[in-house]
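Following: one structure in structure tokens, then a few remarks.
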Amino acid sequence: MQASTVPIIDAQVHAYERNHPQRPWVGSLQGPLEVTGEDMVAAMDAVGVAGALLISPWSLYRYDASYALAVHARHPGRFGLIKPFDPAAANLTEDIAEWAQTPGTVGARIVLMEPTTPSASDPGIRQILSASTAQGLPVNVICWDQLELFAELARDFPNTQLVLDHLGLRQPFLPPVPAQPFAALEAVLALAQFDNVAIKISGACTLSHRPYPYLDLRAPLERIFSAYGFGRCLWGTDWTRAVAFLSYAQGVDAFRIENWLSQPERAALMGGSLARLYDWSPTHRGALG
């Protein structure tokens, strides 16, 4: 496939309904009051994004992926589905096996950023990783301020494809951007030693102190690209958390801009590597410009 025809795939988006009794929120999520599947598809269509990994938002729905499933049913071929699993659940092996057989499923997720985050020896976490590996599912991990824990898991499960969410860095929900947003960069780079680790370059623009096209991001991101290689780097917007900082189009165009990455690098970063790692591509076509 020519680089110019590789579809753009966003590695991280969310969709959700307004809070209502039939599917109540259990928490809050920074962003608009509602971003439906239709809203997300319209935003993608406007800028030529062919598909996305739709992450069921833990902050709103915890471990219930029913809305993501409904979006997938209404827009087949546009979204690969990822849902978080509860390490304290009783039937993880069976639940993950069932999830793996669900149409649209491409991965699982573990949320490790709470004050009560368990250790790497937690049986539930280890069961999620073992069961996902058995089903061939990559495991996405959000672990802000928990990179040592992530390293332990990568070391203990070398046959599990792990995906480090959001650069492995704590990202703001509202301005201002932290003074030193890349303070933990060395720890992130050290994780590249594990061959089973890929990294989402998702939400990166929310770490910039400069306006679009966020030129201050290039130096730290180039260090990540160098450490992991473009084959293990997956671009994404983390829409809708990023809405207070930039538009969806800016999150796309900051990486599509012509004077930074080469065409093969953009093709890998913005869709090619994701398609290979998750063994999934959208049926809707949109191409890198």
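The values are calculated or read from the model by the stated rules, or taken from the named source; none is laboratory data. Note that the structure is a prediction, hence the values are computed from the model and not measured. Using ideal geometry, Cβ is built from the backbone for each residue, glycine included, and neighbour counts are taken over all protein chains shown.
Within segment 258-275, the residues that satisfy the criterion of being under 19 Å from Leu215 (Cβ atoms) and in a helix (DSSP H, G or I) are Glu265, Arg266, Leu269, Met270.
For segment 224-233, state whether one or more residues are of a type outside the set (Gly, Ala, Ser), part of a strand (DSSP E or B) and either touching a Cys at 6+ places or on another chain (Cβ under 9 Å) or under 22 Å from Gly272 (Cα atoms) (or both). So far as segment 224-233 goes, yes, one or more of its residues are of a type outside the set (Gly, Ala, Ser), part of a strand (DSSP E or B) and either touching a Cys at 6+ places or on another chain (Cβ under 9 Å) or under 22 Å from Gly272 (Cα atoms) (or both). Here is a check on your reading of the model: is Phe255 within 25 Å of Gln180 (Cβ to Cβ), assigned to a helix (DSSP H, G or I) and in contact with a Lys or Arg (Cβ under 8 Å, 6 or more places away or on another chain)? Yes, satisfied.
The single condition among (1) farther than 21 Å from Asp10 by Cβ; (2) under 19 Å from the mean Cα position of the chain (by Cα); (3) assigned to a helix (DSSP H, G or I) that Ala242 does not meet is (1). Here Val106 meets the list (1) in contact with an Asp or Glu (Cβ under 6 Å, 6 or more places away or on another chain); (2) at pLDDT 95 or above almost entirely, failing just condition (1). Restricting segment 151-181 to residues that are in a helix (DSSP H, G or I) and in contact with a strand residue (DSSP E or B) (Cβ under 6 Å, 6 or more places away or on another chain) leaves a set whose member that is nearest to Gly203 (Cα to Cα) is His166. If only residues of segment 52-77 that are assigned to a loop (DSSP other than H, G, I, E, B) and touching a helix residue (DSSP H, G or I) at 6+ places or on another chain (Cβ under 6 Å) are counted, the one that is farthest from Gln12 (Cα to Cα) is His75. Residue-level check: of (1) within 30 Å of Pro282 (Cβ to Cβ); (2) more than 18 Å from the chain's Cα centre (by Cα), Val163 misses just (2).
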